[in-house]
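The structure under discussion appears below in the form of structure tokens.
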Amino acid sequence: MERIGFKDIQVYTAAWLPFGRSNMEALNRFVGSHKKYSSATEFGIHGMISNMEKGKITMNAHGVFLTPIDYDYTGFLKAALRVNSVSESEFGIEFNKSGLSTLGIRLEKDTIRNSDKIKMITGNLSYKYSRYVLPLLTDVQQSLLSGIYQVQNFTGIGYKLHTYSVVKCSVADQKECTADELWQKYSKDISSVTDWITTKVTIDDCHLFIGMAACLCIGETTEKVDDFLKKVLYLNTSRITAQRLHSLLWSLRRRIQSYRQNIAGGSYKVLKKTNEQLCTTSNILSKVSVFDQMLRDETRSEFHDFKKEMDAIEEPLRKEIETEFEHEIEKSENREITLQQLSDEISVLTSELENKLELIMTKDNMHLNLILLILTIISILGVAEVLDFSREQWEVVAAFVVPFGLFVIYYVYNFLRNFQLRDSELNH
């Protein structure tokens with residue numbers, strides 16, 4: 001099979017991040033987008049002072065420099081990103097209030113005939129995305145992401161966020177062929193970049209091959225194509241994020257089931273540990289709820305914009321994209337119901353756990369008091385025996401011990417009635 005020659009390559013990788021207008025405005029103000037002069041803003045990475053006397057500082061990773069190019073205070077930020085102030089290699093980065101956040105790079109002009117190399121480039125850019133983009137977020141945004149991805153430190157080497165890529169390029173015979181003809185000639189190379197193809201379409205002489213992992217765009221893009229690609233990016237990044245949310249909710253449900261088993265038959269130590277785990281899970285659920293609400297609201301907003309702005313898109317493709325948007329919104333509504341159910345289950349289990357812990361503490365106190373009462377009677381009788389009391393003295397001791405003994409019997413009766421019976425009911 002003939003190999004495709006990729007030229008004029010641009011690679012973009014994107015993920016859905018919790019932004020909104022407030023976080024967008026905060027980022028624009030922080031980097032000084034509104035200032036007349038253009039200067040880079042340095043974003044450092046968390047580190048530590050390893051030697052105070054020598055002033056030695058150890059950083060977790062390299063920082064980055066961000067130079068604003070275009071912005072809207074509460075809408076978006078386009079900027080150039082460099083790893084250091086003298087680096088020649090430059091990335092393009094764009095944040096949008098909708099949550100779509102993109103990192104891109106333009107490759108050398110030489111033709112690449114190995115589609116696996118393109119795949120490696122997109123994978124490498126995904127790692128760079130996690131390393132360069134995530135540290136630019138606020139602590140609140142990183143906290144929300146930590147709840148979703150169950151990662152405490154996003155600056156760790158080797159961590160890769162779930163992303164979706166777009167590869168723009170040109171090929172020698174792109175104008176003479178349709179999308180179907182290109183697919184027939186270069187299906188192996190194209191699928192190597194995109195994975196499983198879901199849609200093949202031509203818009204303004206640009207051939208788009210939309211796959212599960214990436215979208216390959218062959219041809220010179222117009223404003224209409226670029227707008228459409230943004231919608232494709234948003235739809236796929238939100239889909240990937242929704243899959244992550246679904247997986248997390250499934251694992252949380254399994255975790256809650258194990259908590260219920262621990263509460264039913266666990267010891268005091270097990271219950272205390274379960275209580276800590278319930279608190280942690282409740283915290284994760286609260287973050288997931290906020291994250292999911294932001295994703296749901298922005299997806300509805302993007303869908304509304306798509307129906308207004310994409311009138312020029314042909315009906316079959318337009319209907320397909322609308323159906324996918326509707327499907328994502330439906331899934332988000334189902335997640336909302338699931339989150340409410342899990343939250344209610346956490347509340348019920350927390351109440352049951354508190355009641356059982358209180359019961360155990362009360363039961364232990366009753367055990368201790370019962371032992372002390374019995375020991376008190378034994379001690380009185382032992383002292384009377386050692387001192388060799390007379391009959392009159394024994395009568396005095398009996399006058400004290402008999403009511404005390406009756407009280408012990410009554411105490412034991414209440415203990416058995418209140419706790420042994422309740423334990424059997426709980427076990428059933």
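Please treat every number below as a calculation from the coordinates, not as lab data. Remember, it's a predicted structure, so these values are computed and weren't measured experimentally. Here Cβ is always computed from backbone atoms with ideal geometry, including for glycine, and neighbour counts include all displayed protein chains.
Here are the numbers for this structure:
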quantity	calculated
HN-Hα J in Hz across the stretch 290-307 - Karplus 6.51, -1.76, 1.60, θ = phi - 60°, x for Gly and Pro	5, 4, 5, 5, 5, 5, 5, 5, 5, 5, 4, 5, 5, 5, 5, 5, 4, 5
Rg/Rh (Cα only; Kirkwood hydrodynamic radius) as it applies to the stretch 261-313	1.46
Inter-site label distance for HIS304 and HIS34 at 7 Å from Cα along Cβ, in nm	2.6 nm
Greater than 26 Å apart at Cα, pairs in LYS224/LYS307; LYS117/LYS185; LYS78/LYS331; LYS7/LYS224	LYS78/LYS331
Likely footprinting exposure, MET212, MET294, MET120, fewest C-beta neighbours within 10 Å first	MET120, MET212, MET294
Highest-first arrangement of 281-292, 126-137, 317-328, where packing means the average Cβ count within 10 Å	126-137, 281-292, 317-328
Estimated FRET transfer efficiency when R0 is 25 angstrom, pair ARG255-GLN293 (beta carbons, to 0.05)	0.70
